[in-house]
Amino acid sequence: MKNYIFFLTLILLFWGCGEKTIKTYEVQEVCLTLENEYENPYVDVEAWITLEGPGIQKKIYGFWDGDKTYKFRWVATTAGQWRWESHAQTPDAGLVGKKGSAMAEEWSEEERLQNPNRRGFLTTAPSGRSYQYADGTDFFMLADTWWSAATWRFPLKGHTPAAQYQPKEGISFEQAVQFRKNQEFNTVGIIAAFPNWRADQYPAASSDQEGTAIRQAWEKNGQNTGKDMHDEHGNMPFELRKNSDVIADFDRIVPAYFQSLDAKIDYLSEEGFVTFLETVRRDHGPIWKKNHDFNASFSRYVQYIIARYGAYNIIFSGIHLDFIIEKYSLSEQEFNQALTYHFDKYGPLPYGQPHTILIDGSTYKRFGHGDQAPWLTMHSVGNVPRNHGFYPMIEEIYHLDHPYPVANLEPYYPGWNHDYHNRVAGELPEPNSERDHYFGRTQMYGSVFSGALVGHMYGTGAYCGSTSGEPYEEGARPFIWEGLNYSSGAQMQFLKKFITSEGDQYQYCVPKKELLLPHKANNAQENGLDGWAFMLLHPTQELAFSYFENLAEIPTVQGLKNNEKYQLQWFNPITGEWIKTSKTYESDGSGQLPLSAFPDGKPIAQQDWCLKIVKA
């Protein structure tokens, strides 16, 4: 009897100290301690865990987190038992042969509704041209450009923002997130690090004594120097190079800086956001390549970011390649070589997250497709030209064999008084004017209706993070809180409201603007943003979405079913309101349906309009 009680006690103790229970898609962290001494653990140590779950085996790389700490982040993607074991290239007893396990449980549907990241990682939808969560739920990206959000400019204050917070001076990271969440944004674009950007004695665009570019920073308001891009505690992402007070040593990382970014990425994830995460801006490339073995060093940094944030729902961008200028950037070929080097050594992102590039022009034109850039899984257009010129680029990508999803990641920016980037057909609108916001809004719809079915990346002149303590100058970029309050940003949610009004059916629609007669007004300019019309047509011919720019001519719709009844539902992209109608219209024997006027009764649009055509 005593033996039985002793045995039962052991069983109870065993189960009481049993496996940890976790939730699927909840980031787990393994923290190990280095036992060997290393001169530079960032360079000298490479370790990973083998992760096994129900029908799944993965290799998850870790990262050095300062002192003797080495971490691995992983998630369980299905319910059931998960086990891990650690390995390292170097025989370090602190890293090799450690083991652990956990039992994963699924979230309930109610819990998934509270945070869509609990639905799993983004994956390409069956159409091949958009994204969905792992459970099949549609993901339509509504993104904002907070490129400097990794720094002190968007401070994480550890408070709970008011539910109806309105942006103003002193804004915190949490308040900015809450504000955009209320407007149905689900993605934020962040550049992880600006290693050479400081407010110092050097100009914003600086070179070393031999003429190699060190940086082409955004100017700090009121000063002839770069914007300072440290974290809230003064940390920069890399140590300085010996005998330099400005050039980073790209082989000596500062984990404390990224610990600040950890908290922001985690906060975004908990609030249901996907992070569009970029490694670094292109102007760091020339000095990086001069002072280091670029492919190896840049690949190491790319992998550090992936190891640190690859357990989160991210869209990854290997380089912020916004403008390819000879002095202040490496070429697209050089970046492609480095990213291919990384891909060959480490493979794709650990959970299949999208990998793209914010680009000047088109990623297809810059990098190619398939084996030409094996790391690339999502295409993009951006930056130049911020007019109708974007749309043929998007259509070309849409119609590729074995297509990738595509998005416009750097369109027209309301509020940016820039004579080159924001001049449309010779017109430079007054910042924050109705015309300025129209240009921002029409690029949303024109991009999506040309086949960028991932969604849209909105941006304003506040992308650089101008904030308190920086004087406002005439013509300068707006402050963070000013850009957040722009009306065109609030109108992003109406794009989603319209395009998803038939659920995920937009994913299967094909750009067919040529089936609108006319789809270009007589006086519409190729380098403008007025007078064009767009249409996405469903293969069944039973559904079409159309968008009409300001000054577009009312068209005849072609490509519908012959002699079929349709309901026309007009939508105002300025107010987000449907215009009620109970009328039905019938196409003719060749599938044409003439339209008589826009909702205001005029044959020439005096604002932009949306139209949904649905088989009655």
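The values are calculated or read from the model by the stated rules, or taken from the named source; none is laboratory data. Just so we're clear, the structure is a prediction, and the values are computed from it rather than from any experiment. Every residue, glycine among them, receives a Cβ derived from its backbone with ideal geometry; neighbour counts consider all protein chains shown. Ligands, DNA and RNA are excluded from the accessible area calculation, which covers all protein heavy atoms including side chains. Shrake-Rupley method; radii C 1.70, N 1.55, O 1.52, S 1.80 Å.
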Note to self: Let me check I've understood the local charge: for Asp200, count other residues with C-beta under 12 angstrom from its C-beta, Lys and Arg +1, Asp and Glu -1. What total comes out?
What the structure shows: +2
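Given Lys580/Lys612; Lys365/Lys513; Lys220/Lys289; Lys227/Lys289, which pairs have Cα atoms separated by over 20 Å? Could you put the intermediate results ahead of the total?
Values: Lys580/Lys612 12 Å; Lys365/Lys513 23 Å; Lys220/Lys289 26 Å; Lys227/Lys289 23 Å.
Distance filter (> 20 Å) returns Lys365/Lys513; Lys220/Lys289; Lys227/Lys289.
In what sequence, highest mean first, do 31-44, 140-153, 244-257 appear when ranked by Cβ atoms within 10 angstrom?
Working: 31-44: 14.4, 140-153: 24.3, 244-257: 19.2.
The most tightly packed comes first, giving 140-153, 244-257, 31-44.
Rounded to the nearest 5, what % of DSSP beta bridges with both residues in the chain are antiparallel? It would help to have the intermediate numbers written out before the result.
Details: 70 of 101 bridges.
Percent antiparallel among DSSP bridges in the chain is about 70.
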Checklist line | For the range 500-616: relative contact order, % (alpha-carbon pairs under 8 angstrom, 6 or more apart) | finding: 27 percent
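If you take every DSSP beta bridge whose two residues both sit in the range 308-442, what share of them, in percent to the nearest 5, is antiparallel? Each step should come with its number before you reach the end.
Numbers: 3 of 11 bridges.
Counting DSSP beta bridges with both partners in the range 308-442, the antiparallel share is about 25 percent.
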Item checked: Nearest 10 degrees, 0 to 90: helix 294-309 Cα axis against the chain principal axis -> 90 degrees
Note to self: Net charge around Gln175, counting only other residues with Cβ within less than 11 Å of its Cβ (Lys, Arg = +1; Asp, Glu = -1)?
What the structure shows: +3
Checklist line | Which of Thr460, Thr556 is most accessible, then next, and so on - probe 1.4 Å | finding: Thr556, Thr460
Notebook entry, point to check: How large is the helix-only mean residue ellipticity at 222 nm for the chain, computed as the sum of -39500 (n - 2.57) over DSSP H runs with n ≥ 4, divided by its residue count, in deg cm²/dmol to the nearest 500?
Noted result: -6500 deg cm²/dmol
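Where does the charge balance sit around Leu32 when Lys and Arg score +1, Asp and Glu -1, over other residues with C-beta under 13 Å from its C-beta? List each step's numbers first, then the result.
Numbers: positive: Lys68, Lys71, Arg73, Lys98, Lys99; negative: Glu29, Glu35, Asp65, Asp67, Glu85, Asp92.
It works out to a net charge of -1.
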Next item on the list: Would you please put 373-385, 52-64 in order of how densely packed they are, using the mean number of other Cβ atoms within 10 angstrom per residue and starting with the highest?
Entry: 373-385, 52-64
Next item on the list: Return one number: the angle in degrees, 0 to 90 and rounded to the nearest 10, between the long axis of the Cα atoms of helix 2-16 and the longest principal axis of the Cα atoms of the chain.
Entry: 40 degrees
Next item on the list: Mind pulling up the Rg/Rh value for the range 263-382? Radius of gyration and Kirkwood radius, both on Cα.
Entry: 0.95
Check: How high is the FRET efficiency from Thr50 to Asn224, r the C-beta distance, R0 60 Å, rounded to 0.05?
Finding: 0.70
Margin query: Taking the Cα centroid of the range 232-282 and of the range 468-530, what is the distance between the two, rounded to the nearest whole Å?
Written below: 31 Å
Next item on the list: Output the Cα-based Rg and Dmax of the chain in Å, rounding Rg to one decimal and Dmax to a whole number.
Entry: 26.0, 98
Next item on the list: Within 10 Å, count the other beta carbons around each residue, average over each peptide in 347-353, 45-51, and list them highest first.
Entry: 45-51, 347-353
Margin query: Under a Cβ-only charge scheme (Lys and Arg +1, Asp and Glu -1), can you give me the dipole magnitude of the range 103-240 about the Cα centre, in debye to the nearest 20?
Written below: 380 debye
